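Since the structure comes first, as structure tokens, the remarks are kept for the end.
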Amino acid sequence: MRFWITWVFRQIEEWILPYDCVICLNISDQKRDICQTCQKQLPYLLYACIQCANSLPDQNSLNQQCGRCIKNTPYYDRTIVGFTYTTPIHAWIKQFKFHKKGIYANILCQIYAEKLIAYYQLYPENKPQRLISVPLHWRRLISRGYNQTDTIARYLSKALNIPMINSRHIKRVKFTLPQAQLSRKKRHHNVLGAFKVKKRIPIQHIAIVDDIFTTGNTVNELAKELKKAGISTVSIFALARATRSCTV
Ligand SMILES: [Zn+2]
Ligand SMILES: [Zn+2]
């Protein structure tokens, strides 16, 4: 009954207040705040390393590792990202992360979830059993007021029908400087020992959800701890990837 009431109200709301496209500002031709034409022009990451999602030159490089992953294999096994971290994604994630603009989170999550759903329809055997968002240290949580990756993880959990793991099991025990303020070299040391998994996790495959994948040091450190806790496969889900061209 409650479902039907919500549904009826949503239909009325959409009829009275249609969605406006956040890019061209016209009325959207779909039930989201972006029109189909603008959505098609977003900077999708199409060809990327299967393990770290570093951009690769062309279609022939699909399902391959990049040179860096072959040379220095990370703890995580697979990374799937939605977009390259360029305009307008760059600004949208900032609006969402620092100003809590949920409208951008909705658009990004909706489109990204569609990509993941399509992927797991093709490769159901690769689907993780649980999701976890990258935990924030309590001091950062207090200063920011919320964990933006939790919002993304909750959305994806619902859309993909993958339960989230209880966040009490995994803690960020070290207060680290924001990675964006550090050189690539210092980022690795900054996050060393940052996470603690409190007990053994009896599942095979987990996906870590993050907003932006830059060097991958943070998720790699968390993946290392998850593997110590007994997990055999770790996937990374990130809305966007800061790219640097790399050949196989
Ligand atoms: Zn538009
Ligand atoms: Zn790679």
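Listed values, structure above:
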| quantity | calculated |
| --- | --- |
| For L46: the one exception among (1) under 22 Å from the mean Cα position of the chain (by Cα); (2) at pLDDT 90 or above; (3) not hydroxyl-bearing (S, T, Y) | (2) |
| Selection count where residues are surrounded by fewer than 20 Cβ atoms within 10 Å (Cβ to Cβ), under 21 Å from N220 (Cβ atoms) and not acidic (D, E), scope the range 75-92 | 2 |
| Checking I34 against (1) within 21 Å of F237 (Cα to Cα); (2) at pLDDT 90 or above, the condition it does not meet | (1) |
| Conditions (1) out of contact with any helix residue (DSSP H, G or I) (no Cβ under 8 Å at 6 or more places or on another chain); (2) surrounded by 20 or more Cβ atoms within 10 Å (Cβ to Cβ); (3) hydroxyl-bearing (S, T, Y): number failed by T218 | (1) |
| Test: residue in the range 139-154 that is farther than 28 Å from G193 by Cβ and among the small types (G, A, S) | no |
| One residue from I212, I203, I165, I152 being of a type in the set (V, I, T), free of Cβ contacts under 8 Å to residues at least 60 places away in the same chain and touching a strand residue (DSSP E or B) at 6+ places or on another chain (Cβ under 9 Å) | I165 |
| Of all residues making up the range 60-109, the number that are part of a helix (DSSP H, G or I) and either out of contact with any strand residue (DSSP E or B) (no Cβ under 8 Å at 6 or more places or on another chain) or not charged (D, E, K, R) (or both) | 25 |
| Hits in the range 112-161 - residues which are in a helix (DSSP H, G or I), of a type in the set (A, V, I, L, M, F, W, C) and over 19 Å from R32 (Cβ atoms) | L122, W138, L141, I142, A153 |
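The values are calculated or read from the model by the stated rules, or taken from the named source; none is laboratory data. Nothing here was measured: the structure is a model prediction, and the numbers come from that model. Because the Cβ atoms are built from the backbone with ideal geometry, glycine has one as well, and the counts that use them run over all protein chains shown.
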